[in-house]
Amino acid sequence: MTADGSLERYSRQMRFPGVGETGQRRLLNSHVTLCGCGALGTVLANALVRAGVGHLRLVDRDFIETNNLQRQVLFDEHDVAENLPKAEAAARKLNAINSSVHVEPVVTDIDRTNILQLVEDADLILDGTDNFEIRYLINDVAVKLGKPWVYGGCIGSHGQTMTILPGQTPCLRCVFEAAPAPGEAGTCETAGVLSPIVNIVASYQAAEAFKILTGQRAQINRELIYIDVWENIQRRIKIAPLLGKVDCPCCRRRRFEWLDGEQGSHTTSLCGRNAVQVAHRSATRLKFEELAGHLEALGEVNYNRFMLRFDAVPRRPSHHQGNKRCR
Ligand SMILES: [Zn+2]
């Protein structure tokens, strides 16, 4: 074991033969794009930053709410009070956990116009979203660029994960050709979600990330793993035979329908909240102070440098919030 002081914090991980010093150095030189910084995303980011993944780009447009705290492990009540975007609050927490890695928060929606730029320099893409449209977009861009990615999804007490190595494993569309119809798949708002399944699925994803980033591809999971912590179900579904056997529009025909805009609703998916998010792509600079001045006559206005929240009068139990990005 090297006596290199900078590696001391990783000594227990390096002692594990699958990682070792070589693997640790590879982790330190790795670049990961994590799509989504909610339930799965915060568990993933926590694991990756503690493990010393050198550069972690966190992409999420959402803001923290009190009902996130039950499962989104990097956030606390202060973050809710400050109305912080999840990516910014997570980056702040992660910098305190491990200041030697570079955490790059990006407060934006992921869509077909920006995904290439968000992932092109990454060694690995991780799915921390709650949204099938973005997963198909990730799948398209990952297959197109030949980058590995790890899918994960949770709802209620169950979740699933699979690892995609383009050309070596089936892709997401080989296994799930089409996204569930709107309303067919539950959301965490309608079906709820338990934190244990989030931690389990994200932990599988993190382990896959370690294997890929340390160069241990022979070790990766090549099955679809399904777990239900309430019904006591653990299934491993063999998907490897699908590779090259199904007429996959993405990895076989190389038609990137989501990336090219032939599929997808182009809407932003909110996790079922009674709120309206207004995103204005051409507004690169918006003076919240000025806007607040106009809105004050109509209701209650609060803002910080990331968001402006406006409650119209007459007051209702729910609020409408308009988020304008300044970046
Ligand atoms: Zn495919």
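Computed over the alpha-carbon pairs of the range 154-222, the distance histogram in 10 Å steps reads 19, 38, 34, 9 percent, short to long. With each label modelled as a point 7 angstrom along the Cα→C-beta vector, the residue 260-residue 82 pair spans 4.4 nm.
Provide the gained length on full extension for the span residue 99 to residue 29, in nm with one decimal, where the gain is 0.36 nm per separating residue minus the Cα-Cα distance. Show your work: numbers first, answer last.
Details: separation 70, 0.36 × 70 = 25.20 nm, distance 1.50 nm.
Length gained, residue 99 through residue 29: 23.7 nm.
Extension gain, residue 300 to residue 190: 0.36 nm times the residue separation minus the Cα-Cα distance gives 36.7 nm.
Per residue, the Cα convex hull of the range 1-107 amounts to 93 Å³.
For a label point 7 angstrom out from the Cα of residue 65 toward its Cβ, which stretches of the range 34-54 have the backbone nitrogen within less than 17 Å? Counting backbone N atoms under 17 Å from the label point, the list is 37-40. Listed by chain and number, the aspartates and glutamates whose alpha-carbon sits under 15 Å from that of residue 147, ignoring those within fewer than 8 places in the same chain, are 120, 121, 123, 127, 208. Loop-located trypsin sites (Lys or Arg not before Pro) in the range 88-190 (DSSP state not H, G, I, E or B) with no more than 13 neighbouring Cβ atoms inside 10 Å do not occur.
Computed from the Kirkwood radius of its Cα pairs, the Stokes-Einstein diffusion coefficient for the range 109-239 at 4 °C and 1.567 mPa s stands at 85 µm²/s.
Label sites at residue 177 and residue 219, each approximated as a point 7 angstrom past Cα along Cα to Cβ, lie 3.6 nm apart. The distance linking the range 39-64 with the range 187-234 is 15 Å (Cα centroid to Cα centroid, whole angstrom). Modelled spin labels at residue 121 and residue 11, positioned 7 Å past Cα toward Cβ, are 3.4 nm from each other.
Over all directions, the projected convex hull of the C-alpha atoms in the range 66-126 averages 5.2 nm² in area. Take every pair of alpha-carbon atoms less than 8 Å apart whose residues are at least six positions apart; their mean separation over the length of the range 1-65 yields a relative contact order of 32 percent.
May I ask you to derive the relative contact order of the range 107-219, considering only C-alpha pairs under 8 Å and at least 6 residues apart, and to give it as an integer percent?
Contact order relative to length: 25 percent.
Taking the radius of gyration and the Kirkwood hydrodynamic radius from Cα positions alone, what is the Rg/Rh ratio for the range 140-183, to two decimal places? Could you put the intermediate results ahead of the total?
Numbers: Rg = 11.8 Å, Rh = 11.6 Å.
Ratio of gyration radius to Kirkwood radius for the range 140-183: 1.01.
None of the figures in this text is laboratory data; all of them are computed from the coordinates on show. Everything numeric here is computed off the predicted structure, so don't read it as measured data. Glycine also receives a Cβ, built like all others from the backbone with ideal geometry; neighbour counts cover every protein chain displayed.
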